[in-house]
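Notes follow the structure.
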Amino acid sequence: MISSNTFQLQKIVRKNILNLKPYSSARDEYQGKNGIFLDANENSFGSLIHNEHQLNRYPDPHQKLLKEKIAEIEQINTENIFLGNGSDEAIDLLFRAFAEPSLDSVLICPPTYGMYEVSANINAIQLIEVPLTTDFELDIDKILPHLTNQNLKLVFLCSPNNPTGNILNKNHIETILKNFHGIVVIDEAYQDFSKEISWTKKLNDFPNLVVLKTFSKAWGMANLRLGMAFADAEIINIYNKVKPPYNINGETQRLMLEGLENKSRKYRAVDDIVSEKAKLLNRLTNFAFVKKIYPSQANFLLVKVENSNQLYDYLVSKQIIVRNRHTTLLCENCIRITIGTNMENMMLLKALESF
Ligand SMILES: *Cc1c(COP(=O)(O)O)cnc(C)c1O
């Protein structure tokens, strides 16, 4: 087996990306704040709406202020942060930087987040699927033989996993990190709801680790489309080469900075969601049609019922929308319920009582 010190970034980046001369924007070439700006062909007369936030001007392409704030919160250096238009952009750019279309492959462990497969298909990257075991753990013995495949460039692990809600075994993840010559992505979209420490704490140990987080879930800012990737500075440099120059718009940067002044609201929301989850779980166990509720370290419950299609249609008729996962591998007759407010959960339970 290879050990992690054989990881060499230059060897796994696509050649065209390694040699790429990135686009240099007006805001790259002159970074001063003051002056008469006649360099970016903006409309100097103003924008369609109020001008207090300079909507007529291009935003900071490097999101300097926002990264400094995130660095403080995550206790990490700004050079280890990439910001994307949602995590979905951070996922897609990994494919474009590391995986050669029609040649390379990516490994995922279904059932898991659907975007990894969609991104693979968009980029013409072969998908290697090693399903989770029936208790939703990594099937490490089946994963290991794939790691020596030189065309395998990316492994996506989601922990806590969507839609199953569980944390993946840490020792298994570490084994993969140590024995793989490519990039291991750990998607921590739901980590805020769990009791586990973040894999960002292990970035110094693993030069091939990318940790994804998002402002869309616990932070309550899904509308702004802001995702984060944390990794070794070399990987972040690659991200910065391939990203669209102004991928994070100015209003997103401004509103996130403003929002992060209230970051205690996030911690309170997480506490509320976790306690609502416990209450909901407790009540759901009383229904005869509920066959199993999977342990969840996320902000949703995966629930196996007698007939999920029937239950889903019934709930829709009551204008309560859950996610039917019946056709997902290992999730037969399962519905995924996002934890709502106390009121919303009560309405759900009330509806379920007359099902
Ligand atoms: C919701 C979710 C995301 C978030 O994606 P954004 O593009 O940042 O909104 C990422 N990964 C997983 C597993 C998710 O469930």
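What to note about this one:
- Simple Cβ-charge dipole of the chain, Lys/Arg +1 and Asp/Glu -1, about Cα centre, in debye nearest 20: 300
- Count Lys and Arg as plus one, Asp and Glu as minus one, and take only other residues whose Cβ is under 11 Å from that of Asn77; the net charge is then -4.
- Among Leu284, Leu147, Leu55: highest mean-square fluctuation, GNM of the chain, C-alpha pairs under 10 Å: Leu55
- Note on the chain: with a GNM built from Cα contacts shorter than 10 Å, the maximum mean-square fluctuation among Ile337, Ile36, Ile70 falls on Ile36.
- Qualifying GluC sites (Glu not before Pro) in the range 1-103, where qualification requires a DSSP coil assignment and no more than 13 other C-beta atoms within 10 Å, comprise Glu52.
- Shape call, the chain: gyration tensor on alpha carbons, a/c limit 1.5: oblate
- Per the chain, cysteines lacking a partner by the 4.7 Å Cβ criterion: Cys109, Cys158
- Remark: Met256, Met221 ranked as Met221, Met256, counting other beta-carbon atoms within 10 Å and listing the fewest first.
- Least to most buried among Trp199, Trp219 (fewest other Cβ within 10 Å first): Trp219, Trp199
- For Leu152, the residues 5 or more places off, or on other chains, whose built amide H falls under 5 Å of its own are Ser105.
- Each helix, a run of at least 4 DSSP H residues, gives -39500 (n - 2.57); summed and divided by the residues of the chain, these come to -9500 deg cm²/dmol at 222 nm.
- Sparse-neighbour loop sites [GluC sites (Glu not before Pro); the range 212-302; at most 13 other C-beta within 10 Å; DSSP]: Glu261
- For the options Ala124, Ala218, Ala229, a Gaussian network treatment of the chain with springs between C-alpha atoms closer than 10 Å singles out Ala124 as fluctuating the most.
- Exposure proxy order (Cβ contacts within 10 Å, fewest to most) of Val118, Val274: Val118, Val274
- Pairwise centroid distance, computed over Cα atoms, of the range 267-333 with the range 211-247, Å: 30
- Of all DSSP-defined beta bridges confined to the chain, some 55% are antiparallel rather than parallel.
Read-outs throughout are calculated quantities, based only on the coordinates presented, and are distinct from any laboratory measurement. The model shown is predicted, which means the values in this text are computed figures rather than measured ones. Don't worry about glycine lacking a Cβ; one is built from the backbone with ideal geometry, like all the others, and counts go over all protein chains shown.
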